[in-house]
1. Regarding CYS89, is this residue out of contact with any Asp or Glu (no Cβ under 9 Å at 6 or more places or on another chain) and assigned to a strand (DSSP E or B)?
2. Filter region 2-40 for residues that are free of Cβ contacts under 8 Å to residues at least 24 places away in the same chain, of a type in the set (S, T, N, Q) and part of a helix (DSSP H, G or I) and give the result.
3. Do the conditions hold for ILE66, that is, is it under 12 Å from the mean Cα position of the chain (by Cα) and within 21 Å of CYS96 (Cα to Cα)?
4. Please verify whether region 2-15 includes one or more residues that are touching a helix residue (DSSP H, G or I) at 6+ places or on another chain (Cβ under 7 Å), modelled with pLDDT of 95 or more, under 30 Å from GLY120 (Cα atoms) and not charged (D, E, K, R).
5. Taking the options LEU106, LEU94, name whichever one is outside any strand (DSSP E or B), in contact with a Gly (Cβ under 7 Å, 6 or more places away or on another chain) and either closer than 19 Å to GLU11 by Cα or not basic (Lys, Arg) (or both).
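The values are calculated or read from the model by the stated rules, or taken from the named source; none is laboratory data. Nothing here was measured: the structure is a model prediction, and the numbers come from that model. As a convention, Cβ positions derive from the backbone with ideal geometry for all residues, glycine included, and neighbour counts pool all protein chains shown.
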Amino acid sequence: MNRTERTCLIEAMEDKRLEELLALFADVELTVSLPPRSGLMMMTATDSFDTDFCLGEVLVTEARVIFRGCEGFGMVPGESPRRALARACADAVLGCAEPTRIGEELEIFLRQEEVLQRAGRAKAASLIAATRVNFDLMPGA
């Protein structure tokens, strides 16, 4: 699982699972080098002519932590200090070159979360599909 996939999982994680993720780091020696803080960031997009333009500013929360000399960074949209901290912790632990027990536990946790989110998306898709109407086959049309 790459860094982008981890980021997406943590951003989409339910609050209960987020607290479980943070609990994994309870006994880990982490140094918070930048406590969670909110700020504004310019959001850009590319139009249909392949030209970048500024959509405006969006609220983000960022944090940085250090684990065994490896720095982790977390930035999430909105006001969410615990989510930014969780992202930073995961980034630091999984970015460390040497394998660790917490790194293995974190990988397992994130794989389980991936399965849960995939199942949730499949359930939502099936509920949406049940409401689909095909007007070409409606009687009397």
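1. Working: out of contact with any Asp or Glu (no Cβ under 9 Å at 6 or more places or on another chain): yes; assigned to a strand (DSSP E or B): no.
So CYS89 does not fit the description; no.
2. Of everything in region 2-40, just one residue is free of Cβ contacts under 8 Å to residues at least 24 places away in the same chain, of a type in the set (S, T, N, Q) and part of a helix (DSSP H, G or I), namely THR4.
3. Numbers: under 12 Å from the mean Cα position of the chain (by Cα): no; within 21 Å of CYS96 (Cα to Cα): yes.
So ILE66 fails the test.
4. no
5. Values: LEU106 fails: in contact with a Gly (Cβ under 7 Å, 6 or more places away or on another chain).
Exactly one residue qualifies, and that residue is LEU94.
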